[in-house]
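Take a look at the structure below.
The values are calculated or read from the model by the stated rules, or taken from the named source; none is laboratory data. Given the structure is predicted, the values throughout are model-derived calculations rather than measurements. Here the Cβ is made from the backbone with ideal geometry for all residues, glycine too, and neighbour counts use every protein chain on show. Only protein heavy atoms, including side chains, enter the accessible area calculation; ligands, DNA and RNA are left aside. Shrake-Rupley method; radii C 1.70, N 1.55, O 1.52, S 1.80 Å.
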Amino acid sequence: ATVTYTAAQIIGGMISDAVSAACAATTDTAANIVAAIKNCKVGSSFFFILKNAAAGASTITLTAGNSITITGTATVAQNNTKIFLVQATNVTGASEAVTFYSVGTVVH
């Protein structure tokens, strides 16, 4: 299964996803994320939380959309929540770039 998380969902701060099978979850593009951040500038950042609410042993792997970099572990196991620091690294039109830094996992 695959899904794309929109800029609005990501900037909203938290997605709880009850996948029914292993899933590749792609981020929206850097251009869309930068456009969705009010007064975005290089260094603008926020936390994004991805909760795996699957009933079974299915994983979610966050994958990079266009001009997105993901550093650290991007796989979220069942009954885990992964926290990412999301930072704009380039806000120039047609060259936007965003990095998702994996900063920790919470088991629930």
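Which is touching a strand residue (DSSP E or B) at 6+ places or on another chain (Cβ under 7 Å), farther than 19 Å from Gly43 by Cα and at pLDDT 95 or above, of Val86, Val107, Val98, Val103? Show your work before the answer.
Numbers: Val86 fails: farther than 19 Å from Gly43 by Cα; Val98 fails: farther than 19 Å from Gly43 by Cα; Val103 fails: farther than 19 Å from Gly43 by Cα.
When all the criteria are applied, what remains is Val107.
Looking at (1) in contact (Cβ under 8 Å) with a residue 60 or more places away in the chain; (2) more than 24 Å from Ala94 (Cα to Cα), which is the only condition Val19 fails?
(1)
Looking at Thr29, Thr63, Thr81, can you tell me which residue is closer than 19 Å to Thr2 by Cα, modelled with pLDDT of 95 or more, more than 11 Å from the chain's Cα centre (by Cα) and among the β-branched types (Val, Ile, Thr)? Reasoning before the result, please.
Numbers: Thr29 fails: more than 11 Å from the chain's Cα centre (by Cα); Thr63 fails: more than 11 Å from the chain's Cα centre (by Cα).
Just a single option satisfies the conditions, and that option is Thr81.
Can you give me the number of residues within region 10-25 that are surrounded by fewer than 17 Cβ atoms within 10 Å (Cβ to Cβ) and not in a strand (DSSP E or B)?
The total comes to 7.
Can you find a residue that is open to solvent by 50 Å² or more (accessible area, probe 1.4 Å) and in contact (Cβ under 8 Å) with a residue 60 or more places away in the chain anywhere in region 94-106?
Going residue by residue through region 94-106, those that are open to solvent by 50 Å² or more (accessible area, probe 1.4 Å) are 94-95, 101, 103, 105-106.
Checking which are in contact (Cβ under 8 Å) with a residue 60 or more places away in the chain leaves us with 94.
Yes; the residues of region 94-106 include at least one that is open to solvent by 50 Å² or more (accessible area, probe 1.4 Å) and in contact (Cβ under 8 Å) with a residue 60 or more places away in the chain.
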